[in-house]
Ligand SMILES: [Zn+2]
């Protein structure tokens with residue numbers, strides 16, 4: 001009998017996904033089915049162009065998502081985009097705390113970041129890092145609230161919203177799928193400094209060597 005895939009994101013609140021329940025069990029189930037893959041790093045072409053839209057919501061996509069959760073855990077990340085394991089598709093996963101320390105776990109396919117009204121644009125200047133720029137961190141101002149619209153692994157429309165660190169994660173991961181790294185949003189000097197930190201550090205996870 002085929003494995004029954006429970007639809008983990010069907011619980012809806014104001015049209016927004018409830019991604020705060022059973023996080024532990026859902027994350028574990030994904031990564032136990034999946035296999036961790038090495039992480040692509042800055043300079044790899046797959047990170048520097050827009051990924052393709054997902055059009056097939058099939059078993060292959062489900063397997064990719066499982067591998068992404070496994071890879072995210074192996075690299076101790078709070079979010080991971082498909083091109084960070086070398087796959088040219090608009091998919092990201094996350095397992096990330098928000099402002100109140102509430103854990104959010106989920107998947108977004110074909111995400112589109114929503115423009116915020118001016119009164120919701122409160123900038124937060126926290127540190128940001130990226131598995132694809134290993135061992136580097138830099139301060140980057142981003143809105144402290146974010147909304148992403150996209151699809152779930154079955155192709156149903158979903159909306160995800162977050163505050164604080166989780167808002168930063170939603171923006172960071174959506175950026176990835178449009179070919180943009182957080183260091184591309186830094187000043188020339190800060191970008192150079194981040195790349196220097198990366199040169200000097202050693203990642204604690206496996207990476208894909210650049211040619
Ligand atoms: Zn990243």
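Read the figures in this text as sums done on the coordinates, not as results from a lab. Predicted model only: the values in this text are computed from it and were never measured. Counting neighbours? That spans all protein chains shown, and the Cβs are built from the backbone with ideal geometry, glycine included.
Summary table
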item: Distance between segment 161-175 and segment 63-112 - C-alpha centres, whole angstrom; result: 11
item: Relative contact order (percent, whole number), segment 124-211, Cα cutoff 8 Å, 6+ residue spacing; result: 29
item: Contact order relative to length of segment 12-200, as percent, for alpha carbon pairs under 8 angstrom and 6 or more apart; result: 23
item: Pairwise FRET efficiency - residue 102 versus residue 33, Cβ, R0 = 30 Å, nearest 0.05; result: 0.75
item: Paramagnetic label zone (point 7 Å from Cα along Cα-to-C-beta, residue 116; backbone N under 19 Å) in segment 122-157; result: 122-129, 139-150
item: The chain - mean residue ellipticity at 222 nm from DSSP helices (-39,500 (n - 2.57) per run, n ≥ 4, rounded to 500); result: -8000 deg cm²/dmol
item: Net length gained if the chain between residue 154 and residue 125 were fully extended (0.36 nm per residue, minus Cα distance); result: 6.9 nm
item: Sites residue 207 and residue 18 - FRET efficiency at Förster radius 25 Å, r taken between beta-carbons, to 0.05; result: 0.15
